[in-house]
1. Quickly run through region 264-279 and pick out the residues that are of a type outside the set (S, T, Y) and more than 12 Å from W229 (Cβ to Cβ).
2. Read through the list (1) at positive phi; (2) surrounded by 14 or more Cβ atoms within 10 Å (Cβ to Cβ), then give the number of the only condition that R97 fails.
3. Residues to consider are A308, A283; find the one that is of a type in the set (A, V, I, L, M), at pLDDT 90 or above and either surrounded by fewer than 12 Cβ atoms within 10 Å (Cβ to Cβ) or assigned to a strand (DSSP E or B) (or both).
4. Every residue in region 287-300 that is in a loop (DSSP other than H, G, I, E, B) and loosely packed, with under 14 Cβ neighbours inside 10 Å, please.
5. Can you tell me which of A140, A162 is exposed (fewer than 12 other Cβ atoms within 10 Å of the Cβ) and among the aliphatic types (A, V, I, L, M)?
6. Looking only at strands (runs of 3 or more DSSP E) that fall completely inside region 153-272, which ones have 1 or more residues that are of a type in the set (G, A, S) and within 26 Å of L52 (Cα to Cα)?
7. Please work out if D102 is surrounded by fewer than 17 Cβ atoms within 10 Å (Cβ to Cβ), closer than 30 Å to Q209 by Cβ and without any contact (Cβ under 8 Å) to a residue 12 or more places away in the chain.
Amino acid sequence: MRRKATGRAWSTVTALCAALAAQQQASGQQRGDSGGPPPAAVVVDAVRLERLEARREVVGELRAVRRSRLAVRRSGLTVEVAVELGDTVAAGQTLVRLDDRDAKLDLQRAQALLAQRKAETSRREAELEQAQRDVQRLLALVRKGSASQNELDDAMTAEAVATAQLEQARAQQLQAKVETQQAQARLGDMTVRAPFAGVVAAKLTEVGQWAREGDAVIDLVALDPIDAWLEAPQRVAARLIALGLDPTKVSVQDEATGTQREAISLAVSPVADPQSRNVEVRARLANPSGLLRPGMSAVGLLPEGRVAPTLTVHKDAMLLDAAGSFVYVVRNGRAAPVRVRALFAVGDRVAVSAEELQAGDLVVVEGNERLFPGQPVAPQPMTSASSAATTRAPSAAAPDSRHGGAER
């Protein structure tokens, strides 16, 4: 049934394009006589009325996935602040450095003591080896009657003393090694580095300022990914759980740019608000450009469970200007802008709401960026090749990247 319906839709589009072309040819002769502009070649696709699961608009806000007020682990004088507010930093990048001269001296002192302890251990090892050789030599002499038992006992005592001294030297070397590692750690603590990639949200110290142990010096925020926390009615939250928390069922539109983005993961709070009965839903969003910022408002589109007839247009028909979203509809051989409101993406199509749009209208999907209201057009139906090409093009679930020239 779907294949037959699709065939009828293509036949309708082709027939409409043929009729428009004939009308365009007749009007083209009149324009040629009057010296008007030639019609623009465009590709069109029909508006469809599809039965889709309705989506509920819910409000929320954007929050950072990772945010940290970085603090110093040692007290000291700030000698360098390597970043400014709004700087993007990489993980491990130096942000703030305290005066580390004393820490470097402590490290050098610890390293010198460690070297001394190593030398002491080597000396004690040599003394033990000598004592062991003395014992072996006296044992042989005692058997031959050339040495007394007292001499052998003294040698064995010296061996035991050398063994104890070696163990003490090794313990002191280990202690010196630990102290060296602690001195290295103290030196490292004089530098504050970024624990993760992010953007500097606040600079809380300046060069010359004394920082006490535990004082915050940098506020760092990770922007990619970012979370949208949405207040969903309990029925909608239950629907999300029933769908297995499928992130493709949820899209989020930020109020700042009007861009709609599909969630990459979902989570539902285990508790509901006892007053509103709403449940918090976390929709994680990719934000490689960093346009989304914590604190911005967001609108989530969540599945409700009911199916309703909904108008859809091809994603490439959507255009954006200062007044909002619109599409170009072919009417009487000319391009007519029609305001629409994007609801949510459905594959390579976008569900829309528009008072002046109806199923079967032909909207321009190629060549629309160069059109202006009232411009004559020569429409051609979208073919399977052009459809595949636009499908491979970057998705525009919301009109965030295509701009047109509709009158404001």
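The values are calculated or read from the model by the stated rules, or taken from the named source; none is laboratory data. Please read all numbers here as calculations on a predicted model, not as lab measurements. As a convention, Cβ positions derive from the backbone with ideal geometry for all residues, glycine included, and neighbour counts pool all protein chains shown.
1. Listed by number, the residues that qualify are I264, P270, V271, A272, D273, P274, Q275, R277.
2. Looking at each condition in turn, R97 falls short on (1).
3. A283
4. Within region 287-300, the subset in a loop (DSSP other than H, G, I, E, B) is 287-296.
Across region 287-300, the qualifying residues are P288, S289, G290, G295.
5. Answer to the selection: A140.
6. Once the strands (runs of 3 or more DSSP E) in region 153-272 are filtered for at least 1 residues that are of a type in the set (G, A, S) and within 26 Å of L52 (Cα to Cα), what remains is 226-233, 251-254, 265-272.
7. Values: surrounded by fewer than 17 Cβ atoms within 10 Å (Cβ to Cβ): yes; closer than 30 Å to Q209 by Cβ: yes; without any contact (Cβ under 8 Å) to a residue 12 or more places away in the chain: yes.
The answer is yes for D102.
Residue-by-condition table, conditions (1) more than 55 Å from the chain's Cα centre (by Cα); (2) of a type outside the set (A, V, I, L, M); (3) closer than 21 Å to A169 by Cα; (4) modelled with pLDDT of 95 or more:
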{"site": "R109", "(1), (2), (3), (4)": "no, yes, yes, yes"}
{"site": "L113", "(1), (2), (3), (4)": "no, no, yes, yes"}
{"site": "Q116", "(1), (2), (3), (4)": "no, yes, yes, yes"}
{"site": "R124", "(1), (2), (3), (4)": "yes, yes, yes, yes"}
{"site": "E129", "(1), (2), (3), (4)": "yes, yes, yes, yes"}
{"site": "Q132", "(1), (2), (3), (4)": "yes, yes, yes, yes"}
{"site": "Q149", "(1), (2), (3), (4)": "yes, yes, no, no"}
